[in-house]
Amino acid sequence: MAKKEWPLIAFTLLSQTAVGFFLLFTVPLALSGTGTGAFDVRLLRLRSLFIVLVLLAAAVALSFFHLGKPFNAYRALNNVRTSRLSREIFFELLVIFLVAVVCWLEWRRFGNPDLLRGLNLLAALAGVGLIWSMAAIYRLEAMPVWNNAMTPFSFFMTTFILGALGSAVAPAFKLLREGEGVPPFAGRLPLNAAALALLALNFIGVALFDPNLGIRRHGRRGFDSKPSRVFALLFGLRLAFLLTAAAASVPSILAKSPLTPTSPVHHLMIWAFVAALISETLGRILFYALFRKEGL
Amino acid sequence: MNAVRRFAFFFDSSSCSGCKACQMACKDKNDLGPGVLWRKVYEIAGGGWHREGEIWTPGVYAYNISLACNHCEDPACLRSCPTKAIVKGPDGIVVLNSRACIGCRYCEWSCPYGAPRYDGERGVMGKCDFCFDLVEKGEKPACVAACPMRALDFGELEALKEKRGGTDAIFPLPGASQTGPSLLIKPHKSAGLAGKGTAGVANDEET
């Protein structure tokens, strides 16, 4: 894999994590009403929106390193009609704009709850559009290794796995200070169970259908008939980290009460997030290393 | 140039010796830096030795394909460019405006022939423009003029078809249905064999 692809790896992973976190943490919080219990839901929403904005801004900033002429980047929206890359950038900017508006309204305590809920849903739709358009970029007829269902599958898996695990570990990153209580969605059974189910689904999908190294890999022209040992090793590590993440999230499902930021089970969830992040990073490295035109 | 013309390249694979004079003429004309090739000569090689009883017979073959931008009817690079830096003229020539390019390299990914090439020094993409400045003056593109074997030719597509014949697909080029290349190739006698066997590009490092 060429060095020039590192900014793309960072851009896709950061954007997908941000969208996943927004969809699975911020939006449910926004839809859950004004909040209950000992903590301030508005403050929690603000902090989560700020995290999403920081992740998306970092993704955009890093993407500039991929460009040969970054000062020309303002032209990138010129061809939304036919260019999938233009559409991706459009959705990225739309999500940032909508999340920033929601963040500003929350901060200034403007807007009624219905407006905020509507804007959150709109931003969520734009987020899904962003991941879809991101996957569409790689669905090129000239590149059969990328032009298959595994590309959108892996991009959405990254989004939801890192989003779900990120939501589960969010309190540990001081989204809530100790003593503020437990957020209504983070660290609770349904989200952790969903994270485990997604990890299992991703493991099966990757092990079976990875275009280059999966058990049922494509045998079409343009694919690597003898993948290198380095790629095979990285692929094995990717699967091992996925299994580690799944194993580390099991105790959170067996735990009877919602997790608090200080519980040992919650620390395991942090390890699950880190293992899943490493696995997805390895997966993305392998994805870009597949770059191969049909024929030539 | 009038609005109905569509310029095309003709390449005679059976005559090409792989000398790369076309490649160098293109580099010279367009002042391209090291590693930047708008025209590339691919060496396709395959085959092996076959045993029949106690006798081994050679079945090795190799041929060349000289390839630049094919100025396609439906250019994938033009569709994918986010800045509209790539445009197609009324003469069918696809031109890249490097001043509008952001160097994202998406055109390089999209083009089935890998025609647009990244110029690391300038941070922008570049590609064959059919030497339109020469063509407008009634001269030949630099690559065509430089070919010592007369394996390259150019002209208006329909006229070229009548004059030289040829196909728009040869192993290992991708299917012509993807983009409709303005390209005519007279295949080498081994091209049919290569498509069925284990042949591949033998000079990857050079291209």
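Here are some notes:
- Label zone at residue B:163, where the point sits 7 Å out along the Cα-to-Cβ direction: segment B:17-31 residues whose backbone N lies under 18 Å: none
- Among B:49, A:271, the order by Cβ neighbours within 10 angstrom, fewest to most, reads B:49, A:271.
- Prolate/oblate/rounded call for segment B:60-146, Cα gyration tensor, a/c under 1.5 rounded: oblate
- Loop-located GluC sites (Glu not before Pro) across segment B:1-70 with a Cβ neighbour count of 14 or fewer within 10 Å are B:54, with loop assigned by DSSP.
- Amide H partners (placed H, <5 Å) of residue B:151, local residues excluded: none
- Positive dipole terminus of the protein assembly as shown, leading residue within A:97, B:60, A:190 (C-beta point charges): A:190
- Interchain or long-range residues, amide H under 5 Å from residue B:83's placed H: none
- Taken about its Cα centre, segment B:40-97 carries a charge dipole of about 360 debye when Lys and Arg each add +1 at the Cβ and Asp and Glu each add -1 at the Cβ.
- In this structure the amide hydrogen of residue B:125, modeled in the peptide plane, comes within under 5 Å of the amide hydrogens of B:103, B:119, none closer than 5 places in sequence on its chain.
- Magnitude of the charge dipole, the protein assembly as shown, Cβ model with Lys/Arg +1 and Asp/Glu -1, debye to 20: 540 debye
- Couplings 3J(HN,Hα) of segment A:276-285, computed from phi: 5, 4, 5, 4, 5, 5, 4, x, 6, 4 Hz, in residue order, whole Hz [Karplus 6.51 cos²θ - 1.76 cosθ + 1.60, θ = phi - 60°; x for Gly and Pro].
- Listed residue (B:125, B:101, B:90) projecting farthest to the positive dipole end of segment B:75-207, Cβ model: B:90
- With the helix formula -39500 (n - 2.57) applied to DSSP H stretches of n ≥ 4, the protein assembly as shown reaches a computed 222 nm mean residue ellipticity of -15000 deg cm²/dmol.
- Kirkwood Rh in Å, taken over all unlike Cα pairs in segment A:1-137: 15.7 Å
- Between A:71, B:155, A:24, the Cα set farthest toward the positive side of the dipole of the protein assembly as shown (charges on each charged residue's Cβ, about the Cα centre) is that of A:24.
- The alpha-carbon atoms of chain B define a convex hull whose volume equals 128 cubic angstrom per residue.
- Gyration tensor over alpha-carbon atoms, the protein assembly as shown, equivalent ellipsoid semi-axes in Å: 52, 28, 16
- Exceeding the 28 Å Cα-Cα cut-off - candidates B:29/B:196; A:293/B:196; A:69/B:88: B:29/B:196
Bear in mind that the values in this text are calculations on the coordinates, not laboratory data. All values derive from a computational prediction rather than experimental measurement. Note: ideal-geometry Cβ built from the backbone for every residue, glycine included; neighbour counts use all protein chains shown.
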